[in-house]
1. Would you tally the residues in region 46-60 being without any contact (Cβ under 8 Å) to a residue 40 or more places away in the chain and over 29 Å from Leu224 (Cβ atoms)?
2. Taking region 164-191, which residues are surrounded by fewer than 20 Cβ atoms within 10 Å (Cβ to Cβ) and acidic (Asp, Glu)?
3. Pick from region 209-218 the residues that are more than 17 Å from Ala255 (Cα to Cα) and hydrophobic (A, V, I, L, M, F, W, C): which of them is surrounded by the most Cβ atoms within 10 Å (Cβ to Cβ)?
4. Is it fair to say Arg263 is part of a strand (DSSP E or B), modelled with pLDDT of 95 or more and basic (Lys, Arg)?
5. Anything in region 107-122 that is over 13 Å from Leu90 (Cβ atoms) and buried (at least 23 other Cβ atoms within 10 Å of the Cβ)? List them, or say none.
6. In this structure, is Leu240 at pLDDT 95 or above, in a loop (DSSP other than H, G, I, E, B) and more than 20 Å from Asn95 (Cβ to Cβ)?
7. Is it true that some residue in region 78-99 is part of a helix (DSSP H, G or I), under 22 Å from Val177 (Cα atoms) and touching a Cys at 6+ places or on another chain (Cβ under 9 Å)?
Amino acid sequence: MFWLSFLREMGYPWVTMRRPVRLALLSLAALTLAWGVSGALVARGLTRRAAPPFAEPPLAGWEAVSLTAEDGLRLGGWLRRGDAGSACVLALHGNGSSRTGLRDALDVLAEDGTCVLALSLRAHGDSEGDVNDIGWSAASDVRAGVAFLERELPDRRRRVFGTSLGAAAALYAAKEVAGRVDGYLLESPYRDLETAVRNRLDMRLGPLAPAAFAVLWPWGSVALPVDPARLRPVDAARDLPSSTPVLLLAGDADAHATLAEARDIAEAVPGPARLERFPGADHGRLQRSDPARYRAVLRAWVGEQR
């Protein structure tokens, strides 16, 4: 073992250790490296498109539209023009979903002849894009949706409905579309990315969650095009105009984006804000938990703009 002898002569202390100790240290180093690599792989996986693009043919009574965001990405959408004079709702889905996944909510929003534009945000559905930065870049998609409605239906008032990821994207875009949107309905928004990551790790790993977070979080600045510490919808909510009303919906059994997080966002809104609590509802399941109440809340919100 020439190299071991050489290293001993050079004075490297780990070489002179007993074999069991040396093996234990090498094993620990290998495990540490593997843990770090796994954090990098998980961070990359969570910030990339979850599924390849797929066709999203329009629902009956809707027309397919194509929008282009400020950075050139093409976005797929459906438009229901509704009755003349009706306001338009820009509908935005949650993480890992698409406008197709919003079908039940779209049926409610489009009742009574309301105009609705449903978008598939970047890196989702049939829209372009590979990076999913949890709503930050999708703010460009929200701005594209608002601009589309201004061009196509300039005489209509505009409101935004967003769930989960879509709610975050709506808040990130709120400052730029101030004065061009009359109100927001935000379902299950996350307060900030750090809390969202901790919530999910707690759910899956329990007591191991803090260690996993320590490994995963630093990779966020590598995997994302923005510092993850800036991903804070609660701060973006403070930029809403004081004249713009906001309705928030949250389930009290939601461990992904908790009721307390929704309360924090409601308190950050400068203007009128109201929080509707859905008992026993988990993330993304508000409509399933109480279909009649969910429909009533959405229809009342839509009715406020007619």
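The values are calculated or read from the model by the stated rules, or taken from the named source; none is laboratory data. All values derive from a computational prediction rather than experimental measurement. Every residue, glycine among them, receives a Cβ derived from its backbone with ideal geometry; neighbour counts consider all protein chains shown.
1. 3
2. Result: Glu176, Asp182.
3. By that ranking, first place goes to Leu216.
4. no
5. Arg122
6. yes
7. No.
Conditions (1) of a type outside the set (Lys, Arg); (2) modelled with pLDDT under 90; (3) within 30 Å of Ala173 (Cα to Cα), marked per residue:
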site: Pro13; (1), (2), (3): yes, yes, no
site: Leu26; (1), (2), (3): yes, yes, no
site: Val37; (1), (2), (3): yes, yes, no
site: Val42; (1), (2), (3): yes, yes, yes
site: Arg49; (1), (2), (3): no, yes, yes
site: Phe54; (1), (2), (3): yes, no, yes
site: Glu111; (1), (2), (3): yes, yes, yes
